[in-house]
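Worksheet: one structure, shown below.
FYI, it's all coordinate maths here, none of it is from the lab. Bear in mind that the values here come from a model prediction, so they are computed numbers and not experimental data. No Cβ is skipped: glycine too gets one built from the backbone with ideal geometry, and neighbour counts run over all protein chains shown.
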């Protein structure tokens, strides 16, 4: 928990500010990083459009693109994106084999864009 | 995403500058748009402006393929009139919900940095303070003093604004008298209906923290449900 009583510039409690600030810290340390963003949702989805998950080369992560259902698959794709530099557009839904495997329990479909930070 | 785009995003956020990050979903090429600062709008500018106003990211079709518009609005704002006991938990809960909070009270002993560490304080008279605060459609105003000479001028200014939420602490009886005064001052029934009073959702709140929870819950309901349900749940 961030210290609410700190004077001066107060911290932002917007998830994305905390996530992007973490990405910037990783980059300042010279670490590879990738960012995943929910770009579309259909039906019941755990996180709204714009939600983000950042991953570094060691697998450290901050944020989320679902309620934990597809993060594992997204992290794997993020590592591939870090390696080859190519952006990826992923779709997870009930009919998707991988989502079944990891369990998108809400029954919705989400589209996630994954990109390397460089 | 290029490092310089990331760095510009963080700068814009720190400066509370609204923008849209447009990402081509095929190529990954990104552009930052500032539609609220630009009158000569291209089609992507115009679509970015619509996304900013709706505060909702979306995919749009362009000549270069699908583009995702990620909306970055500055935080919502809350003006709290009356640096009373309830204001202390209210400020903290509103901060967690990521509101930029300003506490307004000309009584310096109440609106002190010791009682509200790190929070923007105004010691101007509430009407002047609210004119300076400039409530817009991403702002909420809550009055907590119970004192007509402090609350009423604030409510008058709030009613003249586009604030998406206006709430006033006080019993039903107090609120009835308040509405009588505002109507005498020329406000219509429709104007007065914008004021949520007694403030907060009806959850049987007793302690200052519980009342603060009910207020932030009602502000959230109005924000996210366009008001209808929240209004119906206001104690009549």
Worksheet entry | Per-residue mean of C-beta atoms belonging to partner chains within 10 Å, peptide B:156-164 | 0
Worksheet item: Using the Cα atoms as the points, what is the convex hull volume per residue of region B:77-233 in Å³?
Response: 100
Worksheet entry | Sites residue B:42 and residue B:4, calculated FRET efficiency, Cβ-Cβ separation with R0 22 Å, nearest 0.05 | 0.50
Discussion item. Restricting to Cα atoms and excluding each atom paired with itself, what does the Kirkwood estimate give for region B:3-72 in Å?
Written reply: 12.2
Fill in: Average beta-carbon neighbours from other chains, 10 Å sphere, peptide A:12-23
4
Worksheet item: Considering the Cα trace of region B:1-150, what is its radius of gyration and what is Dmax, both in angstroms?
Response: 19.5, 61
Worksheet, complete the sentence: Least to most buried among B:4, B:55, B:162, B:127, by other C-beta atoms within 10 Å and fewest first, runs B:4, B:162, B:55, B:127
Item to complete: Report, to the nearest 10°, how far helix B:3-14 tilts away from the longest principal axis of the Cα atoms in chain B, using its own Cα long axis and a range of 0 to 90°.
Response: 20
Response to the item:
Per-residue ellipticity at 222 nm attributable to helices in the protein assembly as shown (runs of n ≥ 4 DSSP H, -39500 (n - 2.57) apiece, nearest 500 deg cm²/dmol) works out to -11000 deg cm²/dmol
Item to complete: Round to the nearest 0.05 the FRET efficiency obtained for residue A:28 and residue B:114 when R0 = 25 Å and r is the Cβ-Cβ distance.
Response: 0.10
Worksheet, complete the sentence: Residues A:27, A:116, B:181 in order from fewest to most other beta-carbon atoms within 10 Å are B:181, A:27, A:116
Practice prompt. Please report B:214, B:188 as a ranked list, fewest other C-beta atoms within 10 angstrom at the top and most at the bottom.
Written response: B:188, B:214
Worksheet item: Dividing the alpha-carbon radius of gyration of region B:33-105 by 2.2 N^0.38 Å (N being the number of residues), what value is obtained?
Response: 1.59
Item to complete: Apply 1/(1 + (r/R0)^6) to the Cβ-Cβ distance of residue B:56 and residue A:58, taking R0 = 35 Å, and write down the FRET efficiency to the nearest 0.05.
Response: 0.55
Discussion item. Rg and Dmax in Å for region B:128-192, alpha carbons only: what are they?
Written reply: 11.1, 31
Worksheet item: What angle, in degrees between 0 and 90 and rounded to the nearest 10, separates the Cα long axis of helix B:148-159 from the longest principal axis of the Cα atoms of chain B?
Response: 30
Worksheet item: Per the Cauchy relation, a quarter of the hull surface: what is the mean projected area of the convex hull of the alpha carbons in the protein assembly as shown, in nm²?
Response: 19.9
